[in-house]
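Throughout, read-outs are computed from the coordinates displayed, never taken from laboratory work. These numbers were taken from a predicted model, which means no experiment stands behind them. Here the Cβ positions follow ideal geometry from the backbone for every residue, glycine too, while neighbour counts run over all protein chains shown.
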Amino acid sequence: MKTCLAAALALALPAAPALAEIATVEVTATYAGEAPIPEGAILAVELRDVSKADAPSVTLSLQMLTVAGMPVTVALPYEDTLIDDRMTYAVAARLLSGDTVVARTTTSNMVLTRDAGDSVEIALEPMQTRQTTTPEPIPASVTWNAFEVGGRMLIVDTPPTLTVTEDGTVSVFAGCNQFTGQAEMTEGGFVVSQPMAGTRKACPPPVMELEAVVIDALGNTAGYVLNGDLLTLVNAYGVPTIRFSRAED
């Protein structure tokens, strides 16, 4: 009788949840700048869930350490129960001197799923300081691919694009509709007249939401910083709104 009762109780009790195990992503970070790394600089490395193009990424793990030089290898821990094979994960990093970001990753560094492994090499590109003189003009009729909007790295098959002509005509495509406007670009400014003219196609909600985020960020833009093949649009306070890389010809 006691044996039967014990067996019945065992069947009635819910199964204990599986305990999460701690795994790691091995990140090797290099610095692409020519200037020396500032004394006391802090390297912040994050593992992010970047699955949703229309929503901010979610930080799953963060490691911060003081560095005197690079390359440096960081073991980034995470709970394995947080990883879903259907989702997309990426590593991003910033190099900080006090409250100033002096370098950061500018490309998508995917890990863990979608044929990506548990180790990755990343390169941090130096951030150009806010310009006090008029920057060189944005090259005319060059296509720029967006890789970051509002501080969030984009992981999309077709990135939003920007093209600017000599007369300041701006063309934007964010996955669904084509938008056109006129930009005032005097003394480093970049102010696009609102609202922009555009087509009115209906597309899947995630595409439409990303499109709205891009157009809104463009409306908050007041200037730009051009650094080789990188174009950064910034707001009135110098904070990046959209970051682009030059598309291959």
Computed over the chain: longest principal axis from alpha-carbon atoms vs helix 2-12 long axis, angle to nearest 10 degrees, is 10
With loop defined by DSSP as not H, G, I, E or B, and exposure as at most 16 other Cβ atoms within 10 Å, which is the longest segment of the chain clear of exposed GluC sites (Glu not before Pro)? 40-165
For the chain, built as a Gaussian network whose Cα springs stay under 10 Å, the top-fluctuating residue of L62, L43, L82: L82
Rounded to whole Å, √(5λ) for the Cα gyration tensor eigenvalues of the chain, largest first, gives 42, 26, 14
Of the residues T221, T169, T199, which exhibits the maximal mean-square fluctuation in a Gaussian network model of the chain defined by a 10 Å Cα contact cut-off? T199
Specify the angular offset, from 0 to 90 degrees and rounded to the nearest 10, of the alpha carbon long axis of helix 205-219 from the longest principal axis of the alpha carbons in the chain. 40
At R0 = 41 Å, how high is the FRET efficiency between T81 and V142 if r is their beta carbon distance? Nearest 0.05 is fine. 0.35
Full extension between N227 and M64 adds, at 0.36 nm per residue less the Cα distance, a length in nm of 56.0 nm
